[in-house]
Amino acid sequence: MNKHEKRQARVLALKMIYSKEINGAQSKSTITKDISKVNGKSSKEVTDYAKQIFDLTFDRQDEVDRYIVEKSSNWDISRIGLIDKLIIRMSLVEMLYVNDVPPKVSIVEGVEIAKEYSTNDSGAFVNGILDSVYNENVKDKD
């Protein structure tokens, strides 16, 4: 999958994660089916990667939220903007649990997606959290 398709998969994953967060009662399978219908133009590879990131984000949510709480010392996690929090979660699971993506790519992609889908200040905020986790927990393992 090329970098454009990976970005497409990440954005698709963000949409799925957001939908699940907003409509919590829906099952993960319902959301992935609905999103696949909406994004019918996406290749199977893109959709599969989006589903992988979606699943990891919810399966590892407690773990990545601990990183977010630890690294956002002046912010209660409930005060972090929803889109920012979801982008950080998604980027962290990719950085920590997807072995074929370099961690720095996960950081850059998270920042770029935040710039596009959130506020003007979100890129810097997302970068600060992700870079801090990388430097303290991932860097030496590269």
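The distance linking segment 124-139 with segment 69-120 is 9 Å (Cα centroid to Cα centroid, whole angstrom).
Does anyone have the angle between helix 3-22 and the longest principal axis of the chain? Alpha-carbon axes, 0 to 90°, nearest 10? Roughly 90 degrees between the two axes. In the chain, the DSSP-assigned H stretches of four residues or longer account for a calculated mean residue ellipticity at 222 nm of -23000 deg cm²/dmol, using -39500 (n - 2.57) per stretch and the full residue count as denominator. Dividing the mean sequence gap of close Cα pairs (under 8 Å, 6+ apart) by how many residues the chain holds gives a relative contact order of 21 percent. Projecting label points 7 angstrom from Cα along Cα→Cβ for Leu82 and Arg66 puts them 2.7 nm apart.
For the chain, the calculated P(r), taken from all Cα-Cα distances in 5 Å bins from zero up to the bin holding the longest distance, is 2, 10, 21, 24, 21, 13, 6, 2, 0 percent. For segment 55-142, the carbon plus sulfur part of the accessible surface works out to 43%, probe radius 1.4 Å. Between 0 and 90 degrees, rounded to the nearest ten: what's the tilt of helix 82-97 against the longest Cα principal axis of the chain? Computed tilt is about 90 degrees. If a paramagnetic tag sat 7 Å from the Cα of Lys44 along the Cα-Cβ line, which residues of segment 1-25 would have the backbone N under 16 Å from that point? Those under the cut-off are 1. Here, P(r) means the percent of Cα pairs in each 5 Å bin from 0 to the largest distance; for segment 50-92 it is 5, 25, 34, 23, 9, 4, 1. Annotation: per residue accessible area for the chain equals 54 Å², rounded to a whole number [probe 1.4 Å, protein chains only].
The values are calculated or read from the model by the stated rules, or taken from the named source; none is laboratory data. None of these values were measured; they are calculated from a predicted model. Methodologically, a virtual Cβ is constructed for each residue, glycine included, from the backbone with ideal geometry; neighbour enumeration extends over all protein chains shown. We work out accessible area using only protein heavy atoms, side chains counted, and drop any ligands, DNA or RNA first. Shrake-Rupley method; radii C 1.70, N 1.55, O 1.52, S 1.80 Å.
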